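Scroll down for the structure; my scribbles are underneath it.
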Amino acid sequence: MPHWDDEARELRYRGRVVRVVKRPRQAYNIVKILRAFEAAGWPPRIDDPHGRKTNDETRRRDVSNLNRGLDTTLLKFACDGNGTGFLWQKIVQPKAAKPTKRTRK
């Protein structure tokens, strides 16, 4: 599961820092969303912690800002499609192909 470290302002996943929020006062919406995911134990979906029932454009902008600067090779954020919440999704890494043994002729 991801982990939001509020004090360090870092989002960690799989032992790596995947996002740093350098200016939490300017990134208030992002921090509030990350805090909500952390408080809920990182379920796949949370309701909008801002309590917005409308204004899907603001929600999409929040997702864009969450994904900006994020290591998207490991996870990404999205709107839930209902206009009421946020999703986080892990990125499945393809397994490296095993090298084949070459035989000499």
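The values are calculated or read from the model by the stated rules, or taken from the named source; none is laboratory data. The structure displayed is predicted, hence computed values, not measured ones. As a convention, Cβ positions derive from the backbone with ideal geometry for all residues, glycine included, and neighbour counts pool all protein chains shown. SASA here: full protein model, heavy atoms, side chains in, ligands and nucleic acids out. Shrake-Rupley method; radii C 1.70, N 1.55, O 1.52, S 1.80 Å.
For LYS101, are the conditions met, namely being loosely packed, with under 10 Cβ neighbours inside 10 Å, among the basic types (Lys, Arg), assigned to a loop (DSSP other than H, G, I, E, B) and modelled with pLDDT of 85 or more?
No, not satisfied.
How many residues are at pLDDT 95 or above and either touching a Pro at 6+ places or on another chain (Cβ under 8 Å) or open to solvent by 60 Å² or more (accessible area, probe 1.4 Å) (or both) if we restrict to region 1-10?
Matching residues across region 1-10 total 1.
Do we have any residue at all in region 55-65 that's open to solvent by 40 Å² or more (accessible area, probe 1.4 Å), modelled with pLDDT of 85 or more and under 22 Å from GLU7 (Cα atoms)? Step through it out loud before you land on a result.
At the first step, the residues of region 55-65 found to be open to solvent by 40 Å² or more (accessible area, probe 1.4 Å) are 55-57, 60-61, 64-65.
Cutting the leftovers down to modelled with pLDDT of 85 or more gives us 60-61, 64-65.
Within this subset, residues satisfying the condition of being under 22 Å from GLU7 (Cα atoms) are 65.
There is at least one residue in region 55-65 that is open to solvent by 40 Å² or more (accessible area, probe 1.4 Å), modelled with pLDDT of 85 or more and under 22 Å from GLU7 (Cα atoms).
Residues to consider are VAL17, VAL31; find the one that is at pLDDT below 95, out of contact with any helix residue (DSSP H, G or I) (no Cβ under 8 Å at 6 or more places or on another chain), assigned to a helix (DSSP H, G or I) and β-branched (Val, Ile, Thr). Can you show your working first?
Working: VAL17 fails: assigned to a helix (DSSP H, G or I).
Residue meeting the stated conditions: VAL31.
Would you tally the residues in region 37-66 being among the hydrophobic types (A, V, I, L, M, F, W, C) and in contact (Cβ under 8 Å) with a residue 24 or more places away in the chain?
The first filter runs over region 37-66 and keeps only residues among the hydrophobic types (A, V, I, L, M, F, W, C), leaving 37, 39-40, 42, 46, 63, 66.
When the remaining residues are screened for being in contact (Cβ under 8 Å) with a residue 24 or more places away in the chain, the result is 37, 42, 46, 66.
Qualifying residue count for the region: 4.
Working only within region 63-79, note down all residues that are more than 20 Å from ARG12 (Cβ to Cβ) and of a type outside the set (A, V, I, L, M, F, W, C).
Hit for region 63-79 is SER64, nothing else.
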